[in-house]
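In what follows, a single structure is set out as structure tokens and then discussed.
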Amino acid sequence: MDFETTVEGTTVTVKASGKLDSIGAQEFSQATDGLSKGMKSIVLDFEDVSYVSSAGLRSVLKLKMGSKGVDLRIVKAGGMTAEIFRTAGFGSLLKDA
């Protein structure tokens with residue numbers, strides 16, 4: 001996976017591309033470790049994420065659980081990616097999906 005991280009004020013945006021599978025999930029966890037420090041909002045731009053496995057779901061859940069008090073949302077997830085998040089009960093994180 002590839003990640004582009006931008007910070008604007010107290011919002012950090014992570015634009016991800018590729019497959020959020022077992023390998024991508026490890027890369028995602030490394031890229032987002034400690035990301036919530038000093039932030040009020042984390043935006044995950046998943047427009048270019050083509051696949052999400054259970055390991056990928058787990059890595060997003062780990063980020064959510066480790067970011068208490070921080071608004072976490074997933075934007076631009078489309079098609080099957082958005083459907084996977086909805087089916088797994090992550091629908092409340094989806095915005096603009």
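Key figures
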| item | result |
| --- | --- |
| Estimated 222 nm signal from helices in the chain, with DSSP H stretches of n ≥ 4 weighted -39500 (n - 2.57), rounded to 500 | -10000 deg cm²/dmol |
| Fewest-first ranking of 94, 63, 44, using other Cβ atoms within 10 Å as the exposure measure | 94, 63, 44 |
| Ranking of 62, 40 by count of other Cβ atoms within 10 Å, fewest first | 40, 62 |
| Long-range amide H partners of residue 51 with built H, under 5 Å | 20 |
| Square roots of 5 times each gyration tensor eigenvalue, C-alpha, region 2-95, largest first, Å | 19, 14, 13 |
| Per-residue Cβ neighbour rank within 10 angstrom, fewest leading, 70, 75 | 75, 70 |
| Amide H contacts of residue 45 (H built 1.01 Å from N, under 5 Å, at least 5 apart or other chain) | 14, 15, 16, 75 |
| Degrees, to the nearest 10: 22-32 long Cα axis against longest axis of the chain | 10 degrees |
| Extension gain, residue 23 back to residue 87 (0.36 nm per residue minus Cα-Cα distance, nm) | 20.9 nm |
| Counting DSSP beta bridges with both ends in region 1-63, the antiparallel % (nearest 5) | 45 percent |
| Charge tally in the Cβ shell below 11 Å around residue 15, where Lys, Arg are +1 and Asp, Glu are -1, residue 15 excluded | -4 |
| The chain, relative contact order in percent, only Cα pairs under 8 angstrom and at least six apart counted | 27 percent |
| Near-label residues of region 8-31 by backbone N, under 11 Å of a point 7 Å along Cα→Cβ of residue 2 | 16-18 |
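Read the figures in this text as sums done on the coordinates, not as results from a lab. Here the structure is a predicted model, which means the values were calculated and not measured. As a convention, Cβ positions derive from the backbone with ideal geometry for all residues, glycine included, and neighbour counts pool all protein chains shown.
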